[in-house]
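Below you'll find the structure, written out as structure tokens, and then a few comments.
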Amino acid sequence: MSKIFNIPEINQIISLEVINIKSFALINRCSYFNVKPILKYLKKYYEYLEKMSDCKENLILLRDMYIEKFRKRCLKYAQDGDLTCHCFLTAKMFIVKKQNQNEGREFFKCKKQRCEYFEWADDYLDSCFETNLFIDYSLEYDYFSMYIQNVKITIAEHTNYFYDKTEKQINKISKYNFNNLVNSLKIKLSNFYN
């Protein structure tokens, strides 16, 4: 693929979004001067997307810390009545014994096996993290709970901030009528955020 400009970052950004650079330049009759603001917005778009990626990674690390600290407590809470099956019975935890990719994984299902209820223990632990279960301010978990809660709020605020900034860059690019580019950026952003 030929280079249009001498700046490597700009060439990389263009290469990511435009399949055929020659036709892009010919169809739009663009020169560097005309495209310069769009490239600036694209560069910022990718910078903000990278920062959102960092926030996602930090949230995963925080989730892992939470599960390491509260795993036993969450699973005991589930077996003590927090998780009920479709029969309104307390779900029972089982471990996959079959030799496959799920071997050793924990899951919940109806203890009388009357209904089709099923949930992976990992999914339940994720929901505990999402709903802040066991993030309380009791003396035993006071500092750790406050830390988890504060960091989680901060990560959410940063993610929303960078999402808004990324949307602003897309809106700026849309003023130049690059509809295919704008649509692909919107799709990439919505896929990333979900």
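None of the figures in this text is laboratory data; all of them are computed from the coordinates on show. Predicted model only: the values in this text are computed from it and were never measured. Note: ideal-geometry Cβ built from the backbone for every residue, glycine included; neighbour counts use all protein chains shown.
Loop-resident GluC sites (Glu not before Pro) (DSSP state other than H, G, I, E or B) in the stretch 95-133 with no more than 10 further Cβ atoms inside 10 Å of their Cβ: Glu103, Glu116.
So between Lys97 and Lys36, what do we pick up on full extension, going 0.36 nm a residue minus the alpha carbon distance?
Additional length available on full extension: 16.0 nm.
Measuring r between the beta carbons of Cys87 and Asn177 and using R0 = 45 Å, the FRET efficiency lands at 0.20. Projecting label points 7 angstrom from Cα along Cα→Cβ for Gln79 and Ile67 puts them 1.9 nm apart.
Trp120: net charge of surrounding residues, Cβ under 11 Å, Lys/Arg +1, Asp/Glu -1, itself excluded? Before the final figure, lay out each step's value.
Working: positive: Arg105, Lys109; negative: Glu106, Glu119, Asp122, Asp123, Asp126.
Cβ neighbours under 11 Å give a net charge of -3.
Summarising the label geometry, the points placed 7 Å from Cα in the beta-carbon direction at Tyr161 and Lys186 lie 2.7 nm from one another.
Between Asp122 and Gln149, take the C-beta separation as r, use R0 = 22 Å, and let me know the FRET efficiency to the nearest 0.05. Spell out each step's value before the answer.
Values: r = 22 Å, r/R0 = 0.99.
Efficiency, rounded to the nearest 0.05: 0.50.
For Leu59, neighbours were defined as the other residues whose beta-carbon sits under 14 Å from its Cβ, and their charges (Lys and Arg +1, Asp and Glu -1) total -2.
Approximating the spin labels as points 7 Å out from Cα along Cα→Cβ, the Cys115-to-Lys56 distance works out to 3.4 nm.
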